[in-house]
Amino acid sequence: MTKLRVGLLFGGRSGEHEVSISSARAIASALSADQNTAKYEILPFYIQKDGRWLAGDTPQQVLKSGTPQQLPDSTTPSTHSESSVAKTQTLSRWQSPSQVAEVDVWFPILHGPNGEDGTIQGLLTLMQVPFVGSGVLGSALGMDKIVMKTVFAQAGLPQVKYKALNRGQIWSNPCVFPKLCDEIEATLGYPCFVKPANLGSSVGIAKVRSRQELEAALDNAASYDRKIIVEAGVVARELECAVLGNDSPKASVVGEITYNAEFYDYETKYTEGKADLLIPAPVPEAVTRQIQEMALQAFAAVDAAGLARVDFFYVEATGEVFINEINTFPGFTATSMYPLLWAHSGVSFAELVDKLIQLALERHSAFPTRE
Ligand SMILES: Nc1ncnc2c1ncn2[C@@H]1O[C@H](COP(=O)(O)OP(=O)(O)O)[C@@H](O)[C@H]1O
Ligand SMILES: [Mg+2]
(Lines give C-alpha, C1' and ligand atoms only; values in the text may rest on other atoms or scores of the structure.)
(Ligands and ions follow the chains in the order given, each with its own letter.)
Protein backbone atom coordinates (compact mmCIF):
# COMPACT_ATOMS: atom_id res chain seq x y z
CA MET A 1 0.00 0.00 0.00
CA THR A 2 1.40 3.42 -0.89
CA LYS A 3 1.65 5.60 2.13
CA LEU A 4 -0.06 8.96 2.24
CA ARG A 5 2.50 11.74 2.72
CA VAL A 6 1.39 14.01 5.54
CA GLY A 7 2.89 17.52 5.61
CA LEU A 8 3.25 18.38 9.29
CA LEU A 9 3.41 22.15 9.38
CA PHE A 10 4.45 23.53 12.76
CA GLY A 11 6.25 26.30 14.65
CA GLY A 12 5.01 29.55 13.19
CA ARG A 13 5.12 33.25 13.90
CA SER A 14 2.68 33.43 16.81
CA GLY A 15 3.40 33.53 20.53
CA GLU A 16 2.31 29.90 20.59
CA HIS A 17 5.37 28.69 18.63
CA GLU A 18 6.57 26.44 21.46
CA VAL A 19 3.10 24.96 22.03
CA SER A 20 2.95 24.20 18.31
CA ILE A 21 6.23 22.27 18.54
CA SER A 22 4.86 20.22 21.46
CA SER A 23 1.62 19.53 19.57
CA ALA A 24 3.58 18.51 16.45
CA ARG A 25 5.78 16.12 18.44
CA ALA A 26 2.71 14.40 19.87
CA ILE A 27 1.01 14.19 16.47
CA ALA A 28 4.18 12.93 14.75
CA SER A 29 4.53 10.13 17.27
CA ALA A 30 0.83 9.23 16.90
CA LEU A 31 1.27 9.06 13.13
CA SER A 32 4.07 6.55 13.63
CA ALA A 33 2.07 4.46 16.08
CA ASP A 34 -0.25 1.47 15.77
CA GLN A 35 -2.17 1.17 12.53
CA ASN A 36 -0.97 4.62 11.36
CA THR A 37 2.61 3.51 10.55
CA ALA A 38 1.47 1.54 7.55
CA LYS A 39 -0.78 4.33 6.29
CA TYR A 40 1.20 7.53 6.67
CA GLU A 41 4.64 8.94 5.94
CA ILE A 42 5.53 12.17 7.74
CA LEU A 43 7.05 15.14 5.90
CA PRO A 44 7.75 17.78 8.56
CA PHE A 45 7.93 21.49 7.72
CA TYR A 46 9.10 23.89 10.40
CA ILE A 47 8.13 27.56 10.28
CA GLN A 48 10.78 29.56 12.10
CA LYS A 49 9.75 32.46 14.30
CA ASP A 50 10.70 34.83 11.48
CA GLY A 51 8.26 33.08 9.15
CA ARG A 52 10.75 31.13 7.02
CA TRP A 53 9.68 27.59 6.09
CA LEU A 54 12.26 24.83 6.42
CA ALA A 55 12.06 21.25 5.21
CA GLY A 56 14.55 18.37 5.58
CA ASP A 57 16.82 17.93 8.59
CA THR A 58 15.95 21.01 10.69
CA PRO A 59 12.26 20.13 11.19
CA GLN A 60 13.32 16.60 12.17
CA GLN A 61 15.76 18.03 14.72
CA VAL A 62 13.14 20.38 16.15
CA LEU A 63 10.69 17.49 16.48
CA LYS A 64 13.34 15.42 18.19
CA SER A 65 14.62 18.08 20.59
CA GLY A 66 11.37 19.96 21.17
CA THR A 67 13.20 23.28 21.10
CA PRO A 68 12.86 26.11 18.56
CA GLN A 69 15.62 26.72 16.05
CA GLN A 70 16.55 29.75 14.05
CA LEU A 71 18.85 29.16 11.09
CA PRO A 72 21.00 32.10 10.06
CA ASP A 73 19.47 33.71 7.00
CA SER A 74 21.59 32.78 3.99
CA THR A 75 19.44 34.92 1.71
CA THR A 76 20.43 38.22 3.36
CA PRO A 77 22.98 39.78 0.99
CA SER A 78 25.91 41.07 3.04
CA THR A 79 26.22 44.16 0.84
CA HIS A 80 22.75 45.32 1.90
CA SER A 81 22.14 47.77 4.67
CA GLU A 82 22.73 46.13 8.04
CA SER A 83 19.87 48.09 9.58
CA SER A 84 17.48 45.91 11.52
CA VAL A 85 14.55 47.00 9.33
CA ALA A 86 16.21 45.87 6.12
CA LYS A 87 17.23 42.59 7.74
CA THR A 88 13.77 41.85 9.10
CA GLN A 89 12.20 42.46 5.71
CA THR A 90 14.53 40.00 4.04
CA LEU A 91 14.06 37.38 6.76
CA SER A 92 10.28 37.41 6.77
CA ARG A 93 9.88 36.86 3.03
CA TRP A 94 8.03 33.61 2.46
CA GLN A 95 9.58 30.90 0.35
CA SER A 96 8.23 27.51 -0.45
CA PRO A 97 10.62 24.57 0.04
CA SER A 98 10.58 22.23 -2.98
CA GLN A 99 9.31 19.35 -0.77
CA VAL A 100 5.94 21.14 -0.53
CA ALA A 101 5.04 19.56 -3.87
CA GLU A 102 5.38 16.05 -2.37
CA VAL A 103 2.65 16.46 0.24
CA ASP A 104 -0.66 14.57 -0.17
CA VAL A 105 -2.41 16.06 2.85
CA TRP A 106 -1.43 18.92 5.18
CA PHE A 107 -1.66 18.89 8.96
CA PRO A 108 -1.18 22.56 9.91
CA ILE A 109 -0.44 22.32 13.63
CA LEU A 110 -0.28 26.05 14.21
CA HIS A 111 -1.93 27.98 17.00
CA GLY A 112 -2.82 31.67 17.08
CA PRO A 113 -2.23 34.41 14.50
CA ASN A 114 -0.62 33.41 11.17
CA GLY A 115 -1.73 29.82 11.58
CA GLU A 116 -5.09 29.34 13.21
CA ASP A 117 -6.57 32.47 11.65
CA GLY A 118 -7.18 31.56 8.00
CA THR A 119 -3.87 32.77 6.58
CA ILE A 120 -2.26 29.33 6.23
CA GLN A 121 -5.64 27.87 5.31
CA GLY A 122 -5.84 30.33 2.39
CA LEU A 123 -2.41 29.31 1.19
CA LEU A 124 -3.22 25.60 1.44
CA THR A 125 -6.54 26.13 -0.35
CA LEU A 126 -4.68 27.79 -3.22
CA MET A 127 -2.31 24.79 -3.32
CA GLN A 128 -5.41 22.60 -3.88
CA VAL A 129 -4.21 19.96 -1.45
CA PRO A 130 -6.42 18.70 1.42
CA PHE A 131 -5.65 19.93 4.92
CA VAL A 132 -6.79 19.15 8.43
CA GLY A 133 -9.14 21.57 10.16
CA SER A 134 -11.26 24.57 9.31
CA GLY A 135 -11.01 26.51 6.08
CA VAL A 136 -10.39 30.24 5.70
CA LEU A 137 -13.73 31.44 7.03
CA GLY A 138 -14.01 29.16 10.07
CA SER A 139 -10.41 29.82 11.06
CA ALA A 140 -10.72 33.59 10.67
CA LEU A 141 -14.01 33.79 12.58
CA GLY A 142 -12.59 31.63 15.35
CA MET A 143 -9.60 33.94 15.75
CA ASP A 144 -11.20 37.36 16.07
CA LYS A 145 -13.00 37.52 19.41
CA ILE A 146 -15.17 40.45 18.31
CA VAL A 147 -16.44 38.97 15.05
CA MET A 148 -16.77 35.56 16.75
CA LYS A 149 -19.06 37.09 19.36
CA THR A 150 -21.16 38.79 16.67
CA VAL A 151 -21.63 35.43 14.95
CA PHE A 152 -22.42 33.66 18.24
CA ALA A 153 -24.99 36.34 19.11
CA GLN A 154 -26.64 35.82 15.73
CA ALA A 155 -26.80 32.08 16.48
CA GLY A 156 -28.54 32.84 19.78
CA LEU A 157 -25.68 31.59 21.98
CA PRO A 158 -25.59 33.24 25.43
CA GLN A 159 -22.49 35.33 26.16
CA VAL A 160 -21.29 37.80 28.76
CA LYS A 161 -21.82 41.51 28.04
CA TYR A 162 -18.99 43.08 26.11
CA LYS A 163 -17.84 46.17 24.29
CA ALA A 164 -15.72 46.27 21.14
CA LEU A 165 -13.14 49.02 20.74
CA ASN A 166 -10.37 49.91 18.38
CA ARG A 167 -6.91 51.27 19.01
CA GLY A 168 -7.83 54.65 17.52
CA GLN A 169 -10.48 55.18 20.22
CA ILE A 170 -8.11 54.16 23.00
CA TRP A 171 -5.27 56.32 21.80
CA SER A 172 -7.62 59.17 20.87
CA ASN A 173 -7.54 62.71 22.22
CA PRO A 174 -7.90 63.15 26.00
CA CYS A 175 -11.56 64.23 25.66
CA VAL A 176 -12.75 60.94 24.14
CA PHE A 177 -10.87 58.37 26.23
CA PRO A 178 -12.42 59.27 29.63
CA LYS A 179 -15.90 59.03 28.09
CA LEU A 180 -15.05 55.58 26.78
CA CYS A 181 -13.94 54.48 30.25
CA ASP A 182 -17.11 56.00 31.79
CA GLU A 183 -19.19 53.96 29.38
CA ILE A 184 -17.32 50.73 30.17
CA GLU A 185 -17.78 51.34 33.89
CA ALA A 186 -21.50 52.05 33.46
CA THR A 187 -22.28 49.10 31.16
CA LEU A 188 -19.84 46.38 32.25
CA GLY A 189 -18.66 47.39 35.71
CA TYR A 190 -15.77 45.80 37.63
CA PRO A 191 -14.18 43.39 37.47
CA CYS A 192 -13.99 43.32 33.70
CA PHE A 193 -11.58 41.67 31.27
CA VAL A 194 -9.64 43.63 28.68
CA LYS A 195 -8.37 41.55 25.74
CA PRO A 196 -6.65 42.08 22.41
CA ALA A 197 -9.18 40.66 19.92
CA ASN A 198 -6.76 38.49 17.95
CA LEU A 199 -4.25 36.77 20.17
CA GLY A 200 -4.55 33.65 22.31
CA SER A 201 -2.90 31.96 25.29
CA SER A 202 -4.20 34.85 27.44
CA VAL A 203 -1.45 37.14 26.09
CA GLY A 204 -2.29 40.82 26.70
CA ILE A 205 -5.39 39.94 28.75
CA ALA A 206 -6.00 41.73 32.06
CA LYS A 207 -8.61 41.44 34.77
CA VAL A 208 -9.24 44.96 36.00
CA ARG A 209 -10.94 46.28 39.13
CA SER A 210 -10.47 50.05 38.99
CA ARG A 211 -10.35 53.00 36.63
CA GLN A 212 -6.59 53.12 36.88
CA GLU A 213 -6.23 49.45 35.99
CA LEU A 214 -8.73 49.81 33.17
CA GLU A 215 -6.81 52.67 31.57
CA ALA A 216 -3.51 50.80 31.82
CA ALA A 217 -5.01 47.56 30.49
CA LEU A 218 -6.62 49.29 27.50
CA ASP A 219 -3.35 50.98 26.64
CA ASN A 220 -1.48 47.68 26.95
CA ALA A 221 -4.02 45.70 24.90
CA ALA A 222 -3.88 48.38 22.19
CA SER A 223 -0.14 47.77 21.89
CA TYR A 224 -0.89 44.15 20.87
CA ASP A 225 -3.81 44.62 18.49
CA ARG A 226 -5.85 47.19 16.56
CA LYS A 227 -9.01 45.64 17.96
CA ILE A 228 -9.76 45.31 21.66
CA ILE A 229 -12.65 43.73 23.52
CA VAL A 230 -13.77 44.45 27.09
CA GLU A 231 -16.02 41.89 28.79
CA ALA A 232 -18.00 41.85 32.01
CA GLY A 233 -16.23 39.48 34.40
CA VAL A 234 -18.13 36.44 35.64
CA VAL A 235 -17.41 34.21 38.62
CA ALA A 236 -17.65 30.89 36.89
CA ARG A 237 -16.25 27.42 36.43
CA GLU A 238 -14.46 26.86 33.11
CA LEU A 239 -15.74 23.97 31.03
CA GLU A 240 -14.55 22.79 27.63
CA CYS A 241 -15.97 20.50 24.97
CA ALA A 242 -14.22 19.01 21.93
CA VAL A 243 -15.89 18.74 18.54
CA LEU A 244 -14.85 16.36 15.76
CA GLY A 245 -16.30 16.01 12.27
CA ASN A 246 -17.31 17.95 9.19
CA ASP A 247 -20.97 18.22 8.29
CA SER A 248 -22.20 15.86 11.05
CA PRO A 249 -19.81 16.67 13.89
CA LYS A 250 -19.84 14.97 17.28
CA ALA A 251 -19.28 16.51 20.72
CA SER A 252 -17.02 14.85 23.30
CA VAL A 253 -17.52 14.51 27.03
CA VAL A 254 -17.13 17.83 28.85
CA GLY A 255 -13.98 18.70 30.79
CA GLU A 256 -13.23 21.26 33.47
CA ILE A 257 -10.13 23.34 34.13
CA THR A 258 -9.35 24.23 37.71
CA TYR A 259 -6.48 26.40 38.94
CA ASN A 260 -5.35 28.54 41.78
CA ALA A 261 -4.95 31.96 40.18
CA GLU A 262 -6.91 35.14 39.46
CA PHE A 263 -7.81 33.74 36.05
CA TYR A 264 -6.51 31.23 33.51
CA ASP A 265 -3.56 33.39 32.47
CA TYR A 266 -0.45 32.53 30.45
CA GLU A 267 1.57 31.34 33.42
CA THR A 268 -1.24 29.13 34.70
CA LYS A 269 -1.77 27.68 31.24
CA TYR A 270 1.82 26.74 30.58
CA THR A 271 3.45 26.04 33.94
CA GLU A 272 3.40 22.37 34.79
CA GLY A 273 1.14 21.64 37.73
CA LYS A 274 -0.59 25.05 37.90
CA ALA A 275 -3.87 23.83 36.41
CA ASP A 276 -5.79 20.59 36.63
CA LEU A 277 -8.05 19.01 34.06
CA LEU A 278 -11.09 17.16 35.34
CA ILE A 279 -12.59 14.78 32.79
CA PRO A 280 -15.51 14.32 32.82
CA ALA A 281 -16.39 17.61 34.52
CA PRO A 282 -18.28 17.04 37.77
CA VAL A 283 -21.38 18.98 36.73
CA PRO A 284 -25.06 18.00 36.45
CA GLU A 285 -25.97 15.91 33.42
CA ALA A 286 -28.22 18.69 32.10
CA VAL A 287 -25.28 21.13 32.07
CA THR A 288 -23.15 18.61 30.16
CA ARG A 289 -25.86 18.14 27.58
CA GLN A 290 -26.40 21.89 27.22
CA ILE A 291 -22.68 22.45 26.68
CA GLN A 292 -22.42 19.68 24.10
CA GLU A 293 -25.33 21.16 22.20
CA MET A 294 -23.92 24.68 22.38
CA ALA A 295 -20.49 23.43 21.25
CA LEU A 296 -22.04 21.94 18.11
CA GLN A 297 -24.02 25.14 17.48
CA ALA A 298 -20.86 27.22 17.83
CA PHE A 299 -18.97 24.89 15.46
CA ALA A 300 -21.68 25.31 12.83
CA ALA A 301 -22.03 29.06 13.45
CA VAL A 302 -18.43 29.84 12.52
CA ASP A 303 -18.37 27.20 9.75
CA ALA A 304 -15.64 25.17 11.43
CA ALA A 305 -14.47 21.81 10.05
CA GLY A 306 -12.52 18.84 11.34
CA LEU A 307 -11.87 19.88 14.90
CA ALA A 308 -12.49 22.61 17.44
CA ARG A 309 -12.52 23.05 21.19
CA VAL A 310 -15.32 25.19 22.54
CA ASP A 311 -14.88 26.90 25.93
CA PHE A 312 -17.60 27.90 28.37
CA PHE A 313 -18.25 29.70 31.64
CA TYR A 314 -20.61 27.87 34.00
CA VAL A 315 -22.00 30.13 36.72
CA GLU A 316 -22.87 27.55 39.30
CA ALA A 317 -24.78 29.99 41.52
CA THR A 318 -27.39 30.71 38.84
CA GLY A 319 -26.99 27.66 36.58
CA GLU A 320 -26.18 29.93 33.61
CA VAL A 321 -23.83 28.78 30.86
CA PHE A 322 -22.07 31.34 28.64
CA ILE A 323 -19.97 30.52 25.64
CA ASN A 324 -16.48 32.04 25.90
CA GLU A 325 -14.75 31.10 22.65
CA ILE A 326 -14.07 28.52 19.97
CA ASN A 327 -10.50 27.42 19.18
CA THR A 328 -10.21 25.96 15.70
CA PHE A 329 -6.73 24.52 16.35
CA PRO A 330 -6.58 23.81 20.06
CA GLY A 331 -3.44 22.66 21.88
CA PHE A 332 -2.74 19.09 20.81
CA THR A 333 0.00 17.80 23.09
CA ALA A 334 -0.34 14.45 24.85
CA THR A 335 -1.64 16.31 27.94
CA SER A 336 -3.88 18.82 26.14
CA MET A 337 -7.60 19.01 26.79
CA TYR A 338 -8.68 18.31 23.18
CA PRO A 339 -7.13 14.83 22.75
CA LEU A 340 -7.86 13.94 26.40
CA LEU A 341 -11.55 14.75 25.95
CA TRP A 342 -11.62 12.36 22.98
CA ALA A 343 -9.65 9.70 24.85
CA HIS A 344 -12.37 9.81 27.52
CA SER A 345 -14.98 9.60 24.77
CA GLY A 346 -13.43 6.41 23.38
CA VAL A 347 -11.17 7.83 20.62
CA SER A 348 -7.46 7.25 21.23
CA PHE A 349 -4.83 9.83 20.23
CA ALA A 350 -3.71 7.68 17.27
CA GLU A 351 -7.30 7.17 16.12
CA LEU A 352 -7.94 10.89 16.48
CA VAL A 353 -5.14 12.00 14.15
CA ASP A 354 -6.13 9.30 11.66
CA LYS A 355 -9.75 10.46 11.78
CA LEU A 356 -8.72 14.10 11.28
CA ILE A 357 -6.75 13.22 8.16
CA GLN A 358 -9.66 11.19 6.81
CA LEU A 359 -11.98 14.17 7.47
CA ALA A 360 -9.58 16.43 5.55
CA LEU A 361 -9.63 14.04 2.58
CA GLU A 362 -13.42 13.75 2.74
CA ARG A 363 -13.88 17.53 2.74
CA HIS A 364 -11.43 18.01 -0.09
CA SER A 365 -12.96 15.32 -2.30
CA ALA A 366 -16.38 16.95 -1.90
CA PHE A 367 -15.12 20.38 -3.04
CA PRO A 368 -11.56 20.01 -4.32
CA THR A 369 -11.15 23.66 -5.34
CA ARG A 370 -12.79 25.27 -2.32
CA GLU A 371 -12.10 24.30 1.28
N1 LIG B 1 -15.55 37.54 30.92
C2 LIG B 1 -14.77 36.81 31.69
N3 LIG B 1 -15.11 36.50 32.98
C4 LIG B 1 -14.31 35.75 33.77
N5 LIG B 1 -13.12 35.25 33.37
C6 LIG B 1 -12.71 35.52 32.10
C7 LIG B 1 -13.50 36.31 31.21
N8 LIG B 1 -12.86 36.37 30.04
C9 LIG B 1 -11.73 35.71 30.19
N10 LIG B 1 -11.60 35.20 31.43
C11 LIG B 1 -10.45 34.43 31.94
O12 LIG B 1 -9.34 34.66 31.07
C13 LIG B 1 -8.95 33.44 30.41
C14 LIG B 1 -8.49 33.73 28.99
O15 LIG B 1 -9.52 34.37 28.25
P16 LIG B 1 -9.89 33.90 26.78
O17 LIG B 1 -10.93 34.84 26.27
O18 LIG B 1 -10.25 32.47 26.82
O19 LIG B 1 -8.55 34.18 25.99
P20 LIG B 1 -7.55 33.21 25.16
O21 LIG B 1 -8.10 33.18 23.77
O22 LIG B 1 -6.25 33.90 25.23
O23 LIG B 1 -7.59 31.86 25.81
C24 LIG B 1 -10.19 32.57 30.50
O25 LIG B 1 -9.86 31.20 30.39
C26 LIG B 1 -10.71 32.95 31.89
O27 LIG B 1 -9.93 32.36 32.93
MG1 LIG C 1 -9.28 30.73 26.14
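Observations, loosely collected:
- Residues in segment 262-287 that are of a type in the set (A, V, I, L, M) and without any contact (Cβ under 8 Å) to a residue 60 or more places away in the chain were compared, and the one that is farthest from ligand 1 (Cβ to nearest atom) is Ala286.
- Within segment 216-232, the set of residues being touching a residue at least 60 places away in the same chain (Cβ under 8 Å) and either within 16 Å of ligand 2 (Cβ to nearest atom) or surrounded by 19 or more Cβ atoms within 10 Å (Cβ to Cβ) (or both) comprises Lys227, Ile228, Ile229, Val230, Glu231.
- Residues of segment 19-39 that turn out to be under 17 Å from Phe107 (Cα atoms) and without any contact (Cβ under 8 Å) to a residue 60 or more places away in the chain, as a count: 5
- Scanning segment 185-215 for residues that are farther than 26 Å from Asn327 by Cα and either surrounded by fewer than 21 Cβ atoms within 10 Å (Cβ to Cβ) or within 16 Å of ligand 2 (Cβ to nearest atom) (or both) turns up Glu185, Ala186, Thr187, Gly189, Tyr190, Arg209, Ser210, Arg211, Gln212, Glu213, Glu215.
- Between Ala216, Ala251, Ala197, Ala222, the distinction of being within 15 Å of ligand 1 (Cβ to nearest atom) and of a type in the set (A, V, I, L, M) belongs to Ala197 only.
- Within segment 140-172, considering residues that are within 16 Å of ligand 2 (Cβ to nearest atom) and of a type outside the set (A, V, I, L, M), the one nearest to Val321 (Cα to Cα): Gln159
- Scanning segment 125-144 for residues that are more than 12 Å from Arg363 (Cβ to Cβ), crowded, with 23+ Cβ neighbours inside 10 Å and not small (Gly, Ala, Ser) yields a single hit, Met143.
- Every residue from segment 341-351 that is touching a strand residue (DSSP E or B) at 6+ places or on another chain (Cβ under 8 Å) and either within 19 Å of Ile21 (Cβ to Cβ) or surrounded by fewer than 20 Cβ atoms within 10 Å (Cβ to Cβ) (or both): His344, Ser345, Val347
- Counting only strands (runs of 3 or more DSSP E) that fall entirely inside segment 151-239 and contain at least 1 residues that are within 29 Å of Asp303 (Cα to Cα), modelled with pLDDT of 95 or more and in contact with a Leu (Cβ under 9 Å, 6 or more places away or on another chain), the qualifying elements are 162-166, 192-196, 227-232.
- Among residues of segment 301-332, those that are within 16 Å of ligand 1 (Cβ to nearest atom) and either more than 19 Å from Arg289 (Cβ to Cβ) or of a type in the set (Asp, Glu) (or both), counted: 13
- Residues of segment 250-272 that turn out to be at pLDDT 90 or above and assigned to a loop (DSSP other than H, G, I, E, B), as a count: 6
- Filtering Ala334, Ala304, Ala286, Ala300 for residues that are within 22 Å of Arg25 (Cα to Cα) and either surrounded by fewer than 16 Cβ atoms within 10 Å (Cβ to Cβ) or of a type in the set (Gly, Ala, Ser) (or both) leaves a single hit, Ala334.
The values are calculated or read from the model by the stated rules, or taken from the named source; none is laboratory data. Values in this document were obtained by computation on a predicted structure and should not be read as measured data. Every residue, glycine among them, receives a Cβ derived from its backbone with ideal geometry; neighbour counts consider all protein chains shown.
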